[in-house]
1. Arranged from highest to lowest average of other beta-carbon atoms within 10 Å per residue, in what order do the peptides 130-143, 273-286 appear?
2. Looking only at Cα atoms, what is the convex hull volume of the chain per residue, in Å³?
3. When a/c is below 1.5 the answer is rounded, else prolate if a/b is larger than b/c, else oblate, so apply that to the stretch 203-346 with a ≥ b ≥ c taken from the square roots of the Cα gyration tensor eigenvalues.
4. Can you tell me which aspartates and glutamates have their Cα less than 12 Å from the Cα of Lys4? Leave out same-chain residues fewer than eight positions away.
5. Quick check for me: using +1 on Lys/Arg Cβ and -1 on Asp/Glu Cβ, what's the dipole size of the chain about its Cα centre, in debye to the nearest 20?
6. Would you calculate, for the chain, the mean residue ellipticity at 222 nm contributed by helices, counting each DSSP H stretch of 4 or more residues as -39,500 (n - 2.57) and dividing by all residues, to the nearest 500?
7. Would you list, by chain and number, the lysines whose Cα falls below 21 Å from the Cα of Lys245, excluding same-chain residues fewer than 8 positions away?
8. When the label point is put 7 Å from the Cα of Lys157 along its Cα-to-beta-carbon vector, which residues of the stretch 176-204 have a backbone N closer than 13 Å?
Amino acid sequence: MSFKQFGGKITPQLLEQYEKSPNWNKGKFQNLQDTTMDISLRDYPKLIRQQLKGRSERIPKSPIPILPFQKENFLAESDQMKFVWYGHSVMLMRLDGKTILVDPMLGPDSSPIGPIRTERFSEGSLDLIDDFPEIDLVVMTHDHYDHLDLSSILKLKGKVKKFFVALGVKRHLVRWGIDEKLITELDWWGSQELDGIQVTFTPSRHFSGRGLRDRAQSLWGGWVFQGQKETIWVSGDGGYGPHFKEIGDKFGGFDFGFMECGQYNELWRQIHMFPDESVMAASDAGVKLAMPIHWAGFTLAPHHWTEPVEGFIEKASELELDYIIPQIGELQSLASPSSSEWWKKY
């Protein structure tokens, strides 16, 4: 185990900066509404029973293959957004001629502690970075291990022009050798332009932290990309709440939404949405075409590994929300989106 993966330490200077945020109170960043994040002692017996039951159903029967990267088609000029999903919350997007990478966790294991492993459902994901084109922008929703990965950042060094990250996440990247001049931190509703694309950091209902003493010492949220013709939203991790409608109202809805959907449980439903809530959030925000993410990567909750996507489809059909479910590694375009029930093979 390398202590380096815990990230950067909070200095008095950084703390002074965080305290200026309207979302900082009582020594930490706060959600917009009251949110319970701790499991009580009386909850542990129930959680242990859940963990012991149906363990084989929480992972695919065999590794999920990653389709070959169609780099030439990905980079080909287009007036509509293209993307590749690599499982969980990793997306490589092409918007208005710019390449954007979201939550680059491409490592094989999302656990920070060596003897305990949370292995990825797909093999060889870290090597994908070798074939990636130059990346104009990397954005990060928060600093949890299943979204921010040391091995991926080290492999991306020298390949990324800019990083836009949640307030408080910069210290980790600097600790890992990223030039701080390339990094911009944003508070909720903060915005930066990327060559004509307006990029805004939006609220979510979650938390952060990579060690024992840094819970809620950095922000968490989602990202909005306003291109020339399309507005794209990454919801970020978090529980259901009224902020989704607020986000949708502020941007006038979205052409496409990457919706968190997976790794939920009744014991922590305020910080991770159930599938029906993911669909409701997309509907609240005025998403025209939605896709469930935060599944098909790791087992971080005691539910069947396909339950998120199947629950999402059921609720989306009920609310008449259009959706797509691409394969891992499949190049998708909003010009001709497609979907299949590929997960049933695994």
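1. Result, highest mean Cβ count within 10 Å first: 273-286, 130-143.
2. About 134 Å³ per residue, rounded to a whole number.
3. It is oblate, given that a/c is not under 1.5 and a/b is not larger than b/c.
4. Partners within reach: Asp149.
5. The dipole magnitude comes to about 1260 debye.
6. -5000 deg cm²/dmol
7. Lys288, Lys315
8. 176-180
Only the coordinates and a few stated rules stand behind these numbers; no lab work does. If you're wondering where the values come from, they're calculated on a predicted model, not measured in any experiment. As a convention, Cβ positions derive from the backbone with ideal geometry for all residues, glycine included, and neighbour counts pool all protein chains shown.
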